[in-house]
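Chemist: Starting off with a structure, shown below.
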Amino acid sequence: MSFMDPIIITILTGIAGLAVGVVSGKFIFAKNTQKAVEEAELQAQTILKEAEIRAETIKKEKMLEAKEKFVQLKAEHDREVLDKNRKIGEQENRIKQKEISINQKETALEKQIRENDAIKENLNRQIEVVNLKRTELEKHQEEHIRRLEKIAGLSAEDAKAQLVESLKQEAQTRALVLQQEIIEDAKQKANKEARKIVIQTIQRTAAEQAIENAVTVFHLDTDEIKGQIIGREGRNIRAIEAATGVDLIVDDTPEAIILSSFDPLRREIARLSLQRLVADGRIHPARIEEVVEKTRRQIEDQVIEIGERTAMELGIHGLHKELIRMVGRMRFRSSYGQNLLMHSRETANLCGIMAAELGLNPKLAKRAGLLHDIGKVPDEETELSHALLGAKLAEKYGENPAVVNAIGAHHDEMEMLYVISPIIQACDAISGARPGARREIMQQYIQRIKDLENLALGYQGVEKAYAIQAGRELRVIVEAEKVSDSDSDRLSFEIAQKIQTEMTYPGQIKVTVIREKRAVNVAR
């Protein structure tokens with residue numbers, strides 16, 4: 001018990017101290033809290049006072065700003081009112097001035113109306129006086145005319161008619177004299193101008209002087225090739241002549257063979273065929289016919305190419321393909337020894353220059369000049385002249401009516417309806433009439449050869465007919481199925497008799513009828 005007492009005492013002391021501390025703490029906390037509350041209230045009152053002072057200051061500032069804004073707006077309003085009042089015053093002044101001006105104009109207008117009324121009354125009085133005087137004058141004139149009619153014995157209408165007739169006859173006489181003088185002067189000037197234009201046209205056109213020949217020389221590399229061309233017993237050369245219608249002359253001329261035919265197209269086909277055969281080296285009748293046929297097709301393509309190139313060089317567009325082909329065929333035709341294409345090109349250039357000199361359409365004139373002789377290269381022979389046939393072909397293929405008329409009228413076989421028609425006629429004559437352009441004898445010879453071939457082709461069963469040896473021999477190739485051997489003899493005799501009775505020719509003509517039967521089969 002004695003040992004436990006100090007501990008208990010200590011505990012009790014601690015508890016008592018703790019209680020005292022708690023009570024003291026509460027008292028101190030309460031005192032501090034009260035002090036903090038008081039300080040906060042004091043601070044709040046201070047803030048409220050400052051806020052009231054600040055609000056009062058702001059209120060005063062806003063009131064001052066409002067007063068200033070009011071003063072400013074009032075001043076602006078006063079200015080606007082003053083401006084409006086000033087504008088209203090100016091408008092009132094202008095209206096007053098206009099009223100014064102209108103009043104003045106009304107016064108002046110009333111015055112002018114009064115003056116016009118006076119002038120009108122005066123004018124009416126003058127018109128009445130003039131009418132009276134006119135009536136008196138008309139009476140005097142009628143009396144004067146009656147006196148003149150009585151003296152002259154004619155009425156006024158008769159005298160007027162005589163005077164008009166006299167003046168009319170005099171005017172007609174003077175007009176006829178003047179017209180005759182103008183016509184004579186125009187003729188002189190026209191002839192002079194026409195000669196000038198023709199001379200200038202001829203001078204500005206370069207003309208070729210070359211004349212077509214009837215032979216072509218085919219050059220060879222060696223004379224050994226001549227034997228291959230001739231063939232065994234001459235079968236190759238006969239096959240070439242039969243296929244092309246060209247006479248081959250193999251003589252002592254070194255390294256050359258002469259191709260003779262009046263038709264340049266046949267000579268060109270024979271030349272190209274020989275060239276191919278010699279280059280290939282295979283020369284026999286079957287190969288010859290094959291090459292000649294290929295060459296014919298090639299020449300047809302070449303004809304179209306020549307036509308297109310000619311039209312392009314002359315600046316002519318829109319030609320029908322058949323007309324282009326005919327233009328190309330002109331390259332292998334001649335007219336009195338003059339190459340037909342060269343003649344047509346020359347005529348076209350002359351027409352273009354002359355049309356330009358006269359102020360006409362040079363392109364249309366060139367077109368007509370190029371096509372004016374297409375009737376000389378038809379696909380089929382007809383009874384029409386080349387001018388009318390050419391016009392018919394041009395119309396068929398849609399050419400301009402002026403071009404059609406120029407083609408048909410260039411030999412006066414149609415009436416000239418357009419201005420370019422006489423130009424085509426003149427330029428055709430210029431191209432053909434110049435020195436060295438044509439040879440009449442050559443054309444007659446070619447025509448005789450053509451007539452000779454056409455005579456043979458008129459017989460039934462004749463497939464081809466070629467005049468060779470310058471027209472001294474006529475080779476007639478017949479169809480073996482239609483003509484027998486005995487018929488061949490009879491046909492040869494009949495053709496010779498018809499030539500003898502219907503044609504005029506120098507020397508004699510040998511008629512050779514060739515009949516060949518071929519049997520061809522293919523082994524497969």
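The values are calculated or read from the model by the stated rules, or taken from the named source; none is laboratory data. If you're wondering where the values come from, they're calculated on a predicted model, not measured in any experiment. A quick note on method: Cβ atoms are made from the backbone with ideal geometry, for glycine too, and the neighbour counts reach across all protein chains shown. Each accessible area value is taken on the protein alone, full model and side chains, heavy atoms only, with ligands, DNA and RNA left out. Shrake-Rupley method; radii C 1.70, N 1.55, O 1.52, S 1.80 Å.
Conditions tested, residue by residue: (1) without any contact (Cβ under 8 Å) to a residue 40 or more places away in the chain; (2) assigned to a helix (DSSP H, G or I).
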{"site": "I258", "(1), (2)": "no, no"}
{"site": "I269", "(1), (2)": "yes, yes"}
{"site": "Q275", "(1), (2)": "no, yes"}
{"site": "R282", "(1), (2)": "yes, no"}
{"site": "R287", "(1), (2)": "yes, yes"}
{"site": "Q298", "(1), (2)": "yes, yes"}
{"site": "T310", "(1), (2)": "no, yes"}
{"site": "H317", "(1), (2)": "yes, no"}
{"site": "L323", "(1), (2)": "no, yes"}
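Chemist: Being part of a helix (DSSP H, G or I) and open to solvent by less than 10 Å² (accessible area, probe 1.4 Å) is the filter here; which residues of region 355-374 pass it?
Modeler: Going residue by residue through region 355-374, those that are part of a helix (DSSP H, G or I) are 355-357, 362-371, 374.
If the condition is that a residue be part of a helix (DSSP H, G or I) and open to solvent by less than 10 Å² (accessible area, probe 1.4 Å), then A355, A365, A368, G369, L370, L371, I374 are the ones that fit.
Chemist: Would a scan of region 319-338 turn up a residue that is within 19 Å of the chain's Cα centre (by Cα), closer than 30 Å to R276 by Cβ, surrounded by fewer than 21 Cβ atoms within 10 Å (Cβ to Cβ) and of a type in the set (D, E)?
Modeler: No: region 319-338 contains no residue that is within 19 Å of the chain's Cα centre (by Cα), closer than 30 Å to R276 by Cβ, surrounded by fewer than 21 Cβ atoms within 10 Å (Cβ to Cβ) and of a type in the set (D, E).
Chemist: In addition: Identify, by number, the condition in (1) open to solvent by 20 Å² or more (accessible area, probe 1.4 Å); (2) at pLDDT below 85; (3) in a loop (DSSP other than H, G, I, E, B) that M416 doesn't meet.
Modeler: (2)
Chemist: Another question, then. Filter region 444-472 down to the residues that are among the acidic types (D, E) and in a helix (DSSP H, G or I) and list them by number. Give the derivation first.
Modeler: To start, the set of residues in region 444-472 that are among the acidic types (D, E) comprises 451, 453, 463.
Within region 444-472, D451, E453 meet the criteria.
Chemist: Restricting attention to region 142-150, does a residue exist that is at pLDDT 70 or above, open to solvent by less than 100 Å² (accessible area, probe 1.4 Å) and part of a helix (DSSP H, G or I)? Break it down into steps so the answer makes sense when it comes.
Modeler: If we filter region 142-150 for residues that are at pLDDT 70 or above, which is where we start, we get 142-147.
Subset that is open to solvent by less than 100 Å² (accessible area, probe 1.4 Å): 143, 145.
Then drop every residue that is not part of a helix (DSSP H, G or I), which leaves 143, 145.
Yes, because at least one residue in region 142-150 is at pLDDT 70 or above, open to solvent by less than 100 Å² (accessible area, probe 1.4 Å) and part of a helix (DSSP H, G or I).
Chemist: May I pose another question? Among the candidates L341, L350, single out the residue that is in a helix (DSSP H, G or I), closer than 22 Å to T244 by Cβ and in contact with a helix residue (DSSP H, G or I) (Cβ under 6 Å, 6 or more places away or on another chain). Outline the logic, then answer.
Modeler: Values: L350 fails: closer than 22 Å to T244 by Cβ.
Within the list L341, L350, the selection yields L341.
Chemist: Hey, another quick one. Being within 24 Å of P264 (Cβ to Cβ), open to solvent by 10 Å² or more (accessible area, probe 1.4 Å) and not charged (D, E, K, R) is the filter here, so list the residues in region 376-403 that pass it.
Modeler: Hits for region 376-403 are P378, T382, L384, S385, H386, L389, L393.
Chemist: Quick check on my filter: what residues within region 480-522 are at pLDDT 85 or above, assigned to a loop (DSSP other than H, G, I, E, B) and open to solvent by 90 Å² or more (accessible area, probe 1.4 Å)?
Modeler: E481, K482
Chemist: If the Cβ limit is 8 Å and pairs must be 6+ apart or interchain, which residue in region 228-253 that is at positive phi pairs with which residue that is assigned to a loop (DSSP other than H, G, I, E, B) and not aliphatic (A, V, I, L, M)?
Modeler: Hits for this filter: G231/H284; G245/S261; G245/D263.
Chemist: So V291 clears everything in (1) at pLDDT 85 or above; (2) under 20 Å from N339 (Cβ atoms) except one condition, right? Which one?
Modeler: So the condition that V291 fails would be (2).
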